[in-house]
Amino acid sequence: MMLPVVFAGVAAAAAITNRQLPTAPDPLSACPGYTASDVQQSAHGLTASLKLAGTACDAFGRDIEDLKLTVNYDNENRLHVKIEDAKSIAYQVPESVFPRPDASASVSAEDAALEFSLTESPFAFAVKRKDRYWPSILLLLSAAADILNSGEVLFASGAAPLVFEDQYLRLRTALPKSPNLYGLGEHTDPFRLNDTDYTRTMWSRDAYGVPYGTNLYGNHPIYFDHRVASGTHGVFLLSSSGMDIKINQTSDGQQYLEYNVVGGIVDLYFLAGPTPTQVSQQYAQVAGLPAMMPYWGLGLHQCRYGYRDYYAIAEVVANYSEANIPLETMWTDIDYMYDRAIMTTDPDRFPLDRVRQYVDVLHDRHQHYVVMVDPAVAYSTTRDKNQSYGTFNTAAEKGYFLYKDGAIFQGVVWPGVTAYPDWFHPGAQDWWNAELVDFFSADKGVDIDALWIDMNEAANFNNFGEDPLETEKSGGFPPQRPALRDQPRPIFGFPAEFQPGSSPYPPDSWSYAPPWLAAPSDPNHGKRQASSVSRKRQTASPLVSRKRQTTGPAPNASAIGFPRSRDELLAPKYQIQNANTVAALGGLSNKTLDTDIVHYDGHVELDVHNLYGSMMSTASRNAMLARRPNRRPMVITRSTFAGAGKHVGKWLGDNLSQWDQYRFSIAGMLGFAALYQVPMVGSDICGFGGNTTETLCARWASLGAFYTFMRNHNGDTSIPQEFYQWPLVAESARKALDMRYRLLDYIYTALHRQSVDGTPSLNPLFFVYPGDAHVAAIELQFFYGDSVLVSPVTQENETSVSAYLPDDRFYVFDTWEKVEGAGAEVTLDNVGFTDIPLHVRGGTVLPLRAKSGYTTTDVRKEPFHLVIAPGRDGKASGSLYLDDGDSVEQKAVSEVAFAYDGQLQITGSFDYEGRVSRITVLDSGGCASDGCEYDETRRVATYTMDMKLGPVTLSV
């Protein structure tokens with residue numbers, strides 16, 4: 001079957017005429033679009049030449065006269081459409097950063113689920129789902145709804161002429177009315193995106209408070225279009241350029257989505273689905289399967305910016321133990337550093353010997369330790385006591401930093417004036433490896449178990465043109481360190497050096513850096529200035545060698561991409577809606593790196609800005625592997641780009657202690673885990689900025705137990721919020737952690753599956769019930785795994801919640817009461833401040849640990865309790881994955897399948913040992929064998945045993 005091509009007319013598949021907004025900006029209204037010619041079909045797609053169809057409009061750059069179109073059916077469910085300039089000069093995302101997906105399984109057009117068609121003049125293209133796939137969609141969705149139409153158009157670029165300029169791209173597609181669109185992160189906007197006057201801006205920035213409606217830390221230009229009975233598909237634009245993605249309607253009511261991109265090319269991947277889960281799996285094939293994290297990483301993590309010394313760290317650990325709140329991992333923010341310089345410890349407040357001592361105590365208790373490392377390096381040749389600062393000196397001598405006009409580019413971060421690694425430099429990885437291997441040496445350094453990387457957008461406290469030395473002085477960087485002290489009270493379980501009388505300084509009880517000594521949580525606040533700021537940059541210190549291969553006299557002398565002047569790099573004609581932009585000139589450089597910087601290999605910062613955080617993530621994972629080659633690295637980052645999940649997990653940034661941000665956290669988590677393939681994800685529980693309340697923190701402790709990454713963290717100007725600070729919060733944390741820890745192997749199994757085939761470990765309701773139109777807008781409930789429905793109370797001071805129960809059977813977690821959903825909302829009453837409603841979906845075999853423990857090591861020693869929750873058909877199934885939880889290469893694993901249909905059948909591989917002590921059958925008619933207790937009121941049969949996990953069929 002040949003690809004359908006429609007010449008000199010409108011594509012029949014699209015059936016959509018060119019439309020132009022009557023209110024479109026004047027520069028774009030004159031753009032002529034393109035004409036296609038020389039269409040050549042191949043075994044797996046086609047190529048064509050595109051030529052500008054009239055007088056150049058040069059709306060936001062210079063129109064490119066000749067383009068080339070390449071279409072390839074990468075596999076049955078993925079279509080790749082690429083439009084680039086004929087000479088391939090335009091910037092493209094480097095393969096070294098985003099390896100292209102395997103297309104070795106390319107298929108013919110006849111064998112593909114999607115169909116590409118084009119119009120020759122004016123050029124437009126459409127992508128539709130083939131007719132023959134509709135029966136399978138109905139089967140997968142279990143939907144009896146009418147199909148909107150056969151061969152439905154998924155993407156139709158005829159909605160407006162293509163604009164392809166050296167500094168700007170515009171591509172628009174028509175959409176159905178009131179579309180269900182998701183993705184285009186990172187943001188704190190509604191999970192189902194607004195469809196009117198809505199703009200999603202992609203430009204990484206330090207976004208304190210994660211404000212609604214703005215660009216945040218990372219960029220994931222993929223959207224899911226969920227059309228319920230018509231199926232779900234995904235569209236991924238592989239571009240790291242700054243962009244605005246606009247979702248709106250024309251004056252005559254035509255819904256559309258429009259890309260407005262500051263340069264690069266059109267590089268689109270269409271994912272056929274047809275279910276949401278399949279779209280996610282297909283995106284994983286493009287972006288890469290996520291890394292498997294260590295089992296212990298699923299425990300509770302505790303941090304605070306402002307733990308003033310080693311006494312404070314030890315006391316928090318001891319207080320959690322005394323409160324009997326399971327603590328897996330203690331974290332330290334930048335407080336441990338000497339004057340906030342990476343790869344240093346404060347010799348008085350965090351002397352290396354004391355740090356190593358408390359890390360040893362943690363490790364002896366099977367607990368763990370993590371610290372923060374920022375990319376920015378203090379611009380100093382020496383550190384405390386005039387010791388050589390090798391981290392800076394080596395990189396400066398070798399030329400591993402970013403340079404501008406032949407000198408090391410300087411910004412300002414926590415240590416004051418800083419330099420930034422150039423991750424494109426071929427020597428940067430080895431330098432980073434050496435730094436982490438040495439500083440975090442298990443034998444002589446800080447023996448961390450995982451790494452936390454921050455400020456990697458990259459963050460800079462300067463606006464464009466501000467003098468770094470002046471900002472350092474006016475901002476008080478590095479911040480004044482807190483006074484030295486002796487410990488006022490005994491700290492249980494720690495050595496003599498941590499006890500009262502061990503220090504010559506006066507004791508005080510304040511374990512936190514006092515707010516009057518702390519830097520502002522958001523140093524950028526109030527610092528934005530108009531374009532009148534000085535453009536002078538501080539040059540490199542004469543103490544530092546400037547030797548390196550420079551970029552030449554002009555920023556574009558060796559630059560990759562179309563030639564652009566310095567002003568064009570600093571002030572692109574198309575101005576995206578970056579929240580940090582005040583004036584056009586340098587607006588994209590505010591609070592980050594100057595966009596006219598040319599990297600070592602010729603890439604221009606304007607093009608690759610959005611890659612910085614992910615490149616640091618990759619480098620950091622590699623360095624952790626160099627340090628401990630046989631153990632799974634866990635790296636938690638702030639800034640991400642598409643594909644980041646292959647290397648790191650993600651925390652959702654510097655949120656606030658507010659109820660709306662408690663609610664935002666659910667959609668944020670679902671976006672990363674289900675849509676962007678970054679499954680290790682969570683928000684700062686109880687909020688980072690501002691002061692939490694007892695009830696907010698209690699609710700958040702319960703909700704946070706169902707993030708995959710569970711960490712309590714807050715800022716240095718906020719009140720303490722460790723879970724033991726309030727009785728209500730402590731009780732909530734203990735109850736939530738008891739449930740979380742019993743469910744650890746269930747969610748670990750889900751995470752493993754996502755690392756193998758991309759099946760999401762956390763799910764929006766429409767992923768599990770794609771045929772139910774009512775769940776499309778639900779963003780405050782979610783599935784933990786695919787079987788545990790979480791319905792948190794989300795309003796302040798409320799003890800009830802309106803929850804939607806799909807038309808299915810459910811069971812209340814732990815009481816095992818049967819509930820029949822009717823595809824309607826129900827009110828769940830009397831939900832105490834220490835409780836969170838959970839329901840197990842019918843048809844599930846749920847593998848629980850028999851009981852919780854203080855650490856994940858304790859939990860792993862417990863046998864399994866299998867809970868069989870039959871569906872309406874009386875059947876249930878489930879799975880379990882077991883390994884040692886830590887090794888890169890596993891010596892033994894178990895991959896177990898459970899199937900129940902009156903009898904429980906256990907099959908699979910069983911090389912990693914596990915035991916079963918209990919099997920509970922819900923909605924049971926009675927005991928089917930010995931060793932059973934039956935609760936007739938609840939219809940629950942419980943079988944007690946001591947059975948090695950292995951192949952067996954049981955009557956239960």
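Worth a mention:
- Tally, over the range 801-857, of residues that are of a type in the set (A, V, I, L, M) and either modelled with pLDDT under 95 or in a loop (DSSP other than H, G, I, E, B) (or both): 4
- Index of the failed condition, Thr717 passing every other in (1) at pLDDT 95 or above; (2) of a type outside the set (Phe, Trp, Tyr); (3) crowded, with 20+ Cβ neighbours inside 10 Å: (1)
- Residue in the range 298-312 that is closer than 30 Å to Tyr769 by Cβ, assigned to a helix (DSSP H, G or I) and at pLDDT 95 or above present: yes
- Number of residues in the range 645-657 that are closer than 18 Å to Gly297 by Cα and in contact with a helix residue (DSSP H, G or I) (Cβ under 8 Å, 6 or more places away or on another chain) equals 7.
- Test for Ser617: is it in contact with a helix residue (DSSP H, G or I) (Cβ under 8 Å, 6 or more places away or on another chain), more than 23 Å from Pro211 (Cα to Cα), among the small types (Gly, Ala, Ser) and at pLDDT below 95: no
- Annotation note: Cβ proximity below 8 Å between a residue of the range 278-289 that is on the phi > 0 side of the Ramachandran plot and at pLDDT 95 or above and a residue that is among the charged types (D, E, K, R) and part of a helix (DSSP H, G or I) (sequence gap 6+ or interchain) occurs for Gly288/Lys646.
- Any hit, the range 20-27, residues being surrounded by 22 or more Cβ atoms within 10 Å (Cβ to Cβ) and in a loop (DSSP other than H, G, I, E, B): no
- Among the residues listed as Gly931, Gly878, Gly871, Gly925, the single one being surrounded by 21 or more Cβ atoms within 10 Å (Cβ to Cβ) and either small (Gly, Ala, Ser) or in contact with an Asp or Glu (Cβ under 8 Å, 6 or more places away or on another chain) (or both): Gly878
- Of all residues in the range 374-390, those that are part of a loop (DSSP other than H, G, I, E, B), touching a Phe, Trp or Tyr at 6+ places or on another chain (Cβ under 9 Å) and more than 20 Å from Thr592 (Cβ to Cβ) total 3.
- Checking each residue in the range 51-85 for being assigned to a loop (DSSP other than H, G, I, E, B) and either closer than 23 Å to Ser565 by Cβ or touching a Gly at 6+ places or on another chain (Cβ under 9 Å) (or both) picks out Ala53, Gly54, Ala56, Cys57, Asp58, Ala59, Phe60, Gly61, Arg62, Ile64, Glu65, Asn77.
- Restricting Thr250, Thr277 to those that are within 25 Å of the chain's Cα centre (by Cα) and assigned by TED's automatic domain parsing to the domain that holds Arg62 reduces the list to Thr277.
- Residue in the range 314-330 that is within 24 Å of Val888 (Cα to Cα) and not β-branched (Val, Ile, Thr) present: yes
- Residue match in the range 249-261 (condition: surrounded by 24 or more Cβ atoms within 10 Å (Cβ to Cβ), at pLDDT 95 or above, β-branched (Val, Ile, Thr) and not in a helix (DSSP H, G or I)): yes
- Exclusive hit being outside the structural domain of Leu181 (by TED's automatic domain parsing) and under 26 Å from the mean Cα position of the chain (by Cα), set Phe833, Phe767: Phe767
- Taking first residues from the range 256-277 that are closer than 18 Å to Leu181 by Cβ and partners that are in a loop (DSSP other than H, G, I, E, B) and modelled with pLDDT under 95, the Cβ contacts under 8 Å between residues at least 6 apart in sequence or on separate chains come to Tyr256/Arg19.
- Residues satisfying the stated conditions in the range 79-95, i.e. free of Cβ contacts under 8 Å to residues at least 40 places away in the same chain and either in contact with a Phe, Trp or Tyr (Cβ under 7 Å, 6 or more places away or on another chain) or not acidic (Asp, Glu) (or both): Ala86, Lys87, Ser88
Residue by residue, here is whether (1) farther than 18 Å from Leu880 by Cα; (2) in the same structural domain as Ala876 (by TED's automatic domain parsing); (3) touching a residue at least 12 places away in the same chain (Cβ under 8 Å); (4) assigned to a strand (DSSP E or B) holds:
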site	(1), (2), (3), (4)
Arg918	no, yes, yes, yes
Ser924	yes, yes, yes, no
Tyr934	yes, yes, no, yes
Gly950	no, yes, yes, no
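- Of all the criteria given as (1) in contact with a strand residue (DSSP E or B) (Cβ under 8 Å, 6 or more places away or on another chain); (2) within 30 Å of Ala897 (Cα to Cα), the one not satisfied by Gly689 is (2).
- Checked across the range 317-330, the condition of being of a type in the set (D, E, K, R), out of contact with any strand residue (DSSP E or B) (no Cβ under 9 Å at 6 or more places or on another chain) and at pLDDT below 95 holds for no residue.
- Applying the set (1) in contact (Cβ under 8 Å) with a residue 60 or more places away in the chain; (2) surrounded by fewer than 24 Cβ atoms within 10 Å (Cβ to Cβ); (3) under 26 Å from the mean Cα position of the chain (by Cα) to Leu237 leaves exactly one unmet item: (1).
- Yes/no for Arg354 being among the charged types (D, E, K, R) and part of a loop (DSSP other than H, G, I, E, B): no
- Of all residues in the range 391-442 being aromatic (Phe, Trp, Tyr), in a helix (DSSP H, G or I) and under 29 Å from the mean Cα position of the chain (by Cα), the one that is surrounded by the fewest Cβ atoms within 10 Å (Cβ to Cβ): Trp431
- Residue check, Ala48 touching a residue at least 60 places away in the same chain (Cβ under 8 Å), in the same structural domain as Glu120 (by TED's automatic domain parsing), among the small types (Gly, Ala, Ser) and part of a strand (DSSP E or B): yes
- Failed criterion for Pro792 (all others in (1) in a loop (DSSP other than H, G, I, E, B); (2) surrounded by fewer than 20 Cβ atoms within 10 Å (Cβ to Cβ); (3) touching a Ser or Thr at 6+ places or on another chain (Cβ under 9 Å) hold): (2)
- Test: residue in the range 680-688 that is surrounded by fewer than 22 Cβ atoms within 10 Å (Cβ to Cβ) and more than 22 Å from Tyr307 (Cβ to Cβ): no
- The single condition from (1) modelled with pLDDT of 95 or more; (2) over 18 Å from the mean Cα position of the chain (by Cα) that Ala229 fails is (1).
- Residue match in the range 110-119 (condition: β-branched (Val, Ile, Thr), modelled with pLDDT of 95 or more and in a strand (DSSP E or B)): yes
- Total residues in the range 43-97, condition loosely packed, with under 15 Cβ neighbours inside 10 Å and among the polar types (S, T, N, Q): 3
- Selection status of Tyr403, more than 24 Å from Asp346 (Cα to Cα) and at pLDDT 95 or above: yes
The values are calculated or read from the model by the stated rules, or taken from the named source; none is laboratory data. All figures in this text were calculated on a predicted structure; none of them were measured in a lab. FYI the Cβ positions are ideal-geometry reconstructions off the backbone, even for glycines, and counts take in every protein chain you see.
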